[in-house]
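The values are calculated or read from the model by the stated rules, or taken from the named source; none is laboratory data. Treat the numbers as computed from the prediction; the structure is a model and nothing was measured. Note that we place each Cβ from the backbone using ideal geometry, even for glycine, and neighbour counts take in every protein chain shown. Note: accessible area is taken over every heavy atom of the protein model, side chains too, but ligands, DNA and RNA are not part of it. Shrake-Rupley method; radii C 1.70, N 1.55, O 1.52, S 1.80 Å.
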Amino acid sequence: MSTTIKRALSLFLCAALLFGALPLTAVHAADPTSGTCGANLTWVYDSDIKTLTISGTGEMNKYDFSYYNRTWVTTAPWRPYYNIMKTLVINSGVTSIGDSAFDGCTGLTSVTIPDSVTSIGDYAFDGCTSLADVYYGGSESDRQRINIDSHNDSLLNA
(Lines give C-alpha, C1' and ligand atoms only; values in the text may rest on other atoms or scores of the structure.)
Protein backbone atom coordinates (compact mmCIF):
# COMPACT_ATOMS: atom_id res chain seq x y z
CA MET A 1 0.00 0.00 0.00
CA SER A 2 1.39 3.39 -0.95
CA THR A 3 2.31 6.05 1.59
CA THR A 4 -0.34 8.40 0.18
CA ILE A 5 -3.09 5.82 0.67
CA LYS A 6 -1.85 5.05 4.21
CA ARG A 7 -1.92 8.76 5.10
CA ALA A 8 -5.38 9.22 3.62
CA LEU A 9 -6.66 6.18 5.49
CA SER A 10 -5.07 7.40 8.73
CA LEU A 11 -6.67 10.84 8.34
CA PHE A 12 -10.02 9.27 7.58
CA LEU A 13 -9.84 7.04 10.67
CA CYS A 14 -8.80 9.96 12.90
CA ALA A 15 -11.68 12.06 11.59
CA ALA A 16 -14.13 9.19 12.13
CA LEU A 17 -12.95 8.76 15.72
CA LEU A 18 -13.12 12.50 16.38
CA PHE A 19 -16.62 12.93 14.97
CA GLY A 20 -17.80 9.71 16.57
CA ALA A 21 -16.77 10.99 20.02
CA LEU A 22 -18.46 14.39 19.69
CA PRO A 23 -21.98 13.21 20.62
CA LEU A 24 -20.59 11.59 23.78
CA THR A 25 -19.06 14.88 24.85
CA ALA A 26 -22.26 16.79 24.18
CA VAL A 27 -24.41 14.32 26.13
CA HIS A 28 -22.18 14.56 29.20
CA ALA A 29 -21.51 18.29 28.99
CA ALA A 30 -24.28 19.21 31.44
CA ASP A 31 -25.07 17.48 34.72
CA PRO A 32 -28.66 16.29 35.10
CA THR A 33 -30.88 18.54 37.19
CA SER A 34 -33.64 16.00 37.78
CA GLY A 35 -34.32 12.29 37.90
CA THR A 36 -35.72 9.48 39.99
CA CYS A 37 -34.68 8.44 43.49
CA GLY A 38 -37.23 5.74 44.30
CA ALA A 39 -39.99 3.76 42.62
CA ASN A 40 -42.35 6.73 42.86
CA LEU A 41 -39.98 9.55 43.82
CA THR A 42 -38.35 12.26 41.75
CA TRP A 43 -35.70 14.88 42.50
CA VAL A 44 -35.13 18.32 41.00
CA TYR A 45 -32.17 20.62 41.62
CA ASP A 46 -32.71 24.38 41.18
CA SER A 47 -29.29 25.98 40.72
CA ASP A 48 -30.66 29.52 41.07
CA ILE A 49 -31.60 28.93 44.71
CA LYS A 50 -29.29 25.95 45.34
CA THR A 51 -32.21 23.77 46.43
CA LEU A 52 -32.82 20.05 45.94
CA THR A 53 -36.49 19.00 46.14
CA ILE A 54 -37.66 15.40 46.55
CA SER A 55 -41.29 14.71 45.56
CA GLY A 56 -43.65 11.78 45.16
CA THR A 57 -44.76 8.92 47.38
CA GLY A 58 -42.90 6.08 49.03
CA GLU A 59 -39.37 5.17 49.98
CA MET A 60 -36.18 6.77 48.75
CA ASN A 61 -33.45 4.56 47.33
CA LYS A 62 -30.42 3.69 49.45
CA TYR A 63 -27.04 4.96 48.27
CA ASP A 64 -23.37 4.18 48.84
CA PHE A 65 -20.75 6.67 49.93
CA SER A 66 -17.24 5.28 49.77
CA TYR A 67 -13.61 6.21 49.46
CA TYR A 68 -12.29 5.47 45.97
CA ASN A 69 -9.04 6.60 44.38
CA ARG A 70 -8.35 9.12 47.20
CA THR A 71 -11.77 10.72 46.82
CA TRP A 72 -15.13 10.27 48.55
CA VAL A 73 -17.64 9.07 45.96
CA THR A 74 -21.42 8.74 46.22
CA THR A 75 -23.95 6.88 44.11
CA ALA A 76 -26.66 9.49 44.81
CA PRO A 77 -27.89 10.99 41.52
CA TRP A 78 -27.53 14.56 42.82
CA ARG A 79 -23.78 14.05 43.39
CA PRO A 80 -22.77 17.01 41.15
CA TYR A 81 -24.46 19.31 43.67
CA TYR A 82 -23.17 17.72 46.89
CA ASN A 83 -20.97 20.63 47.94
CA ILE A 84 -23.03 23.49 46.51
CA MET A 85 -26.62 22.71 47.48
CA LYS A 86 -27.77 24.77 50.45
CA THR A 87 -31.36 23.63 50.98
CA LEU A 88 -33.09 20.26 50.88
CA VAL A 89 -36.88 20.13 50.72
CA ILE A 90 -38.55 16.75 51.07
CA ASN A 91 -42.22 17.00 50.18
CA SER A 92 -45.09 15.24 51.91
CA GLY A 93 -45.60 11.71 50.65
CA VAL A 94 -41.96 10.67 50.94
CA THR A 95 -41.77 7.96 53.64
CA SER A 96 -38.02 7.39 54.02
CA ILE A 97 -34.66 8.99 53.44
CA GLY A 98 -32.21 6.42 52.10
CA ASP A 99 -28.85 5.35 53.51
CA SER A 100 -26.06 7.83 52.67
CA ALA A 101 -28.46 9.95 50.59
CA PHE A 102 -26.83 13.21 51.70
CA ASP A 103 -23.69 11.87 53.37
CA GLY A 104 -20.95 14.46 52.93
CA CYS A 105 -23.14 17.35 51.68
CA THR A 106 -20.90 19.92 53.32
CA GLY A 107 -22.77 22.94 51.92
CA LEU A 108 -26.21 21.83 53.13
CA THR A 109 -27.54 24.33 55.69
CA SER A 110 -31.29 23.67 55.81
CA VAL A 111 -33.50 20.55 55.59
CA THR A 112 -37.29 20.28 55.57
CA ILE A 113 -38.66 16.86 56.52
CA PRO A 114 -42.42 16.21 56.33
CA ASP A 115 -44.42 14.19 58.83
CA SER A 116 -44.82 11.43 56.21
CA VAL A 117 -41.15 10.42 56.75
CA THR A 118 -41.01 7.47 59.15
CA SER A 119 -37.36 6.44 58.73
CA ILE A 120 -33.97 7.96 58.02
CA GLY A 121 -31.26 5.54 56.91
CA ASP A 122 -27.70 5.01 58.11
CA TYR A 123 -25.35 7.88 57.29
CA ALA A 124 -28.17 9.78 55.53
CA PHE A 125 -26.87 13.09 56.90
CA ASP A 126 -23.39 12.13 58.07
CA GLY A 127 -20.78 14.78 57.34
CA CYS A 128 -23.30 17.58 56.73
CA THR A 129 -21.04 19.93 58.66
CA SER A 130 -22.92 23.15 57.77
CA LEU A 131 -26.40 21.86 58.64
CA ALA A 132 -27.98 24.35 61.03
CA ASP A 133 -31.75 24.28 60.44
CA VAL A 134 -34.01 21.23 60.37
CA TYR A 135 -37.73 21.81 59.90
CA TYR A 136 -40.05 18.92 60.73
CA GLY A 137 -43.65 18.85 59.55
CA GLY A 138 -46.09 17.75 62.21
CA SER A 139 -45.77 17.70 65.95
CA GLU A 140 -42.92 16.84 68.30
CA SER A 141 -44.45 13.40 68.83
CA ASP A 142 -44.47 12.88 65.03
CA ARG A 143 -40.78 13.73 64.96
CA GLN A 144 -40.01 11.36 67.80
CA ARG A 145 -41.66 8.50 65.89
CA ILE A 146 -39.12 8.76 63.06
CA ASN A 147 -36.72 5.84 63.15
CA ILE A 148 -33.33 7.53 62.72
CA ASP A 149 -30.53 5.05 62.04
CA SER A 150 -26.92 5.52 63.08
CA HIS A 151 -24.41 8.17 62.02
CA ASN A 152 -26.86 11.04 61.64
CA ASP A 153 -25.33 13.32 64.26
CA SER A 154 -25.32 16.32 61.90
CA LEU A 155 -29.11 16.04 61.62
CA LEU A 156 -29.68 15.40 65.32
CA ASN A 157 -27.43 18.27 66.43
CA ALA A 158 -28.81 20.91 64.03
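Of all the listed residues (Ser150, Ser119, Ser110, Ser141), the sole one being of a type outside the set (Phe, Trp, Tyr) and closer than 21 Å to Asn40 by Cβ is Ser119.
Yes or no, residue by residue, for (1) small (Gly, Ala, Ser); (2) within 21 Å of Asn147 (Cβ to Cβ); (3) open to solvent by 20 Å² or more (accessible area, probe 1.4 Å):
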position	(1), (2), (3)
Thr42	no, no, yes
Leu52	no, no, no
Gly56	yes, yes, yes
Phe65	no, yes, yes
Trp72	no, no, yes
Ile84	no, no, yes
Thr87	no, no, yes
Asn91	no, yes, yes
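Just one residue in the set Asp133, Asp103, Asp99, Asp46 is in contact with a Phe, Trp or Tyr (Cβ under 7 Å, 6 or more places away or on another chain), of a type in the set (Asp, Glu) and at pLDDT 95 or above; that residue is Asp99. Residues in the stretch 140-158 that are open to solvent by less than 60 Å² (accessible area, probe 1.4 Å), part of a helix (DSSP H, G or I) and either touching a Cys at 6+ places or on another chain (Cβ under 8 Å) or more than 16 Å from Asp115 (Cβ to Cβ) (or both): Ser154, Leu155. Residues of the stretch 94-139 that are within 20 Å of Lys50 (Cα to Cα), part of a loop (DSSP other than H, G, I, E, B) and among the aromatic types (Phe, Trp, Tyr): Phe102, Phe125.
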